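To keep things clear, I will list the structure first and then write my remarks on it.
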Amino acid sequence: MPDTATASIKALVVTDDTGQRLFQLGGDDPRLKALLSDPKWIAEAVQRRIMPVLLSDASYIALATSIEGGRLVLFFDNVSETVMRFFTQVEFAFDIIEHILSDPYDAMAVIDAKTQLVFVSPIHEKFFGLGTGESLGRNVRDVIQNTRLHHVVRTGVAEVGQIQKMEGSQRVVSRHPIRKNGTVVGAIGRVMFKGPQQVDALARQIKVLEKEVATYQTQTKEAMRGETFLNAIVGQSPAIQTLRDQIRKVAPLDIPVLIQGESGTGKELVAKALHMLSPRGHGRLITVNAAALPASLVESELFGYEAGSFTGADQKGRPGKFEQADKGTIFLDEIGDMPLEVQSKLLRVLQDRIVERVGGDKPRHIDFRLCSATNRDLERFIDENKFRLDLFYRISPVILKLPSLSERLEDIPLLVESFLTELSAQYVRPVPEVDEAVFDFLRERPWSGNVRELRHVIERTFVFLESSRLVVSDFHQAGEQAPFSPTTAHRSASPGESGQAATLKTAMNQLEREMIADAMARFEGNKKKVAEFLGVSRSYLYTKLGEE
């Protein structure tokens, strides 16, 4: 079986100075033999060094060079159309490649998928005080200071025009992932300018250009602001990219949107992006926790009240949530937990777009966009008479479904780095480097709390982190353990593995703690709702919380 590195070599031929073949592997095509017997073709190929060969049913690239007493010619097939066009149209193609690899003003470094250096241009080796080929096979982070090539290999996302400090010098660099058959096989980094003098010259040119494009900044500002909220939905998985595309399509349309997803998947981020990318982005986004609306206060909270309408009312009256959302968006979070009597009052407003304050007699027409979210199965709730069918139709012309974290595990590295950057700014600490094993450790965990749970785990570990590198053991030191599951419980109970058998009571206590923790996260610490959800008394819940 041929080596994968040479699988595209069609033939290898050695001839003497007269064109007589001395050695040949492959290349049985009589047309290739005819070319090799043509002294003029051989001479031109050696001069150009890289020579295209276009036949009626095949295309090759010939690499020709002189050797002692003869010529060496290699024929390659499986060449892309772009590469073939380059070598066909440019007679000095080899010289261009040589220039790119040895340009003293445009240094290059190439790494493979294992982040090991496979090529460093001569100017780069000289800059780092390395001999020719001395850095090959070494991890890029051990050779190039402040590099991010390993990050580009892991994420597959290019970084263009970044400032990088190396050996006391500032350089502008670009980093690009290299893909083969859709898979990232390495990355290439290029230093675009020799040193800070060129950077300063570029800065002066940019200032001139900034003055010329100032008139366009106002037009693009709002679009960029909306994209900022869209980019807050971190991830490059197909599921997240599809979600972003859906948001871009739906946001400009003044149509109600229902966001469905498990607790902790980022439904509020989607609502903010929908609002900011819509024509209502200049208006307010009013968020209402529909599950926390008591029937006795729903009218005053949603519709507002006039002065003196009831005991304890504000002397000036107060606008309700719908009035506050006029010309903007109202976001009804956890709408699946809204009581039925509240659903009826909400339906009337959605149908007529008219509200009347408590104690008032002047109906107000409100212009708002509706956005709702739930982690409930509303279709099942409708069958169980827990949710009104007519209200469901009003809130769900468009449904956006958020993937759980288990459906987008490839986004964990990006999420972790985003959280660490945010936490480092919050706690005024440097951003730690993350060991590759951490991502494997996190991917193997079940994430019932999704992205919210992941952030909680990262923050707790970050607080106790004592070094500049985050490793798996840091999670254990921070008290992070694998969640309870029947499988892990069985393993814990095996004397052969742990040396001490866990009792059924221990396993049940662990499961109970996990369920309470999940419910506390879901209802944001509301102990009354947690107790109702779990089917226990509040006194029992307080007792269990006090044991932790």
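The values are calculated or read from the model by the stated rules, or taken from the named source; none is laboratory data. None of the values given here were measured: they were computed from a predicted structure. Every residue, glycine among them, receives a Cβ derived from its backbone with ideal geometry; neighbour counts consider all protein chains shown.
Among helices (runs of 4 or more DSSP H) lying entirely in the stretch 350-442, which contain 2 or more residues that are over 30 Å from residue 464 (Cα atoms) and either in the same structural domain as residue 241 (by TED's automatic domain parsing) or modelled with pLDDT of 95 or more (or both)?
Passing ranges, in order: 378-383, 389-395.
The set of residues from the stretch 400-432 being of a type in the set (A, V, I, L, M, F, W, C) and either more than 13 Å from the chain's Cα centre (by Cα) or farther than 11 Å from residue 234 by Cβ (or both) comprises 400, 402, 405, 409, 420, 423, 425, 428, 431.
Can you pull out every residue in the stretch 114-158 that is more than 29 Å from residue 417 (Cβ to Cβ) and assigned to a loop (DSSP other than H, G, I, E, B)? Correct list: 129, 130, 131, 132, 133, 134.
Of the helices (runs of 4 or more DSSP H) contained entirely in the stretch 1-113, those carrying at least 3 residues that are closer than 30 Å to residue 164 by Cβ fall at 81-89, 93-102. Checked against (1) of a type in the set (A, V, I, L, M, F, W, C); (2) in contact with a His (Cβ under 6 Å, 6 or more places away or on another chain); (3) modelled with pLDDT under 85, residue 293 passes all but condition (2).
With respect to (1) in contact with an Asp or Glu (Cβ under 8 Å, 6 or more places away or on another chain); (2) buried (at least 16 other Cβ atoms within 10 Å of the Cβ), the lone exception for residue 22 is condition (2). Cβ-Cβ contacts under 9 Å between residues 6 or more apart (or on different chains), taken from a first residue in the stretch 281-299 that is polar (S, T, N, Q) to a second residue that is assigned to a loop (DSSP other than H, G, I, E, B) and surrounded by 15 or more Cβ atoms within 10 Å (Cβ to Cβ), are listed as 289/334.
Is it the case that some residue within the stretch 301-320 is within 30 Å of residue 246 (Cα to Cα) and basic (Lys, Arg)?
Looking for residues that are within 30 Å of residue 246 (Cα to Cα) and basic (Lys, Arg), one finds none in the stretch 301-320, hence no.
Filter the stretch 64-87 down to residues that are without any contact (Cβ under 8 Å) to a residue 24 or more places away in the chain and surrounded by fewer than 16 Cβ atoms within 10 Å (Cβ to Cβ) and give me whichever is farthest from residue 181 (Cα to Cα). Residue satisfying both the conditions and the ranking: 68.
Picking from residues in the stretch 254-278 that are without any contact (Cβ under 8 Å) to a residue 60 or more places away in the chain and among the hydrophobic types (A, V, I, L, M, F, W, C), the one that is nearest to residue 289 (Cα to Cα) is 269.
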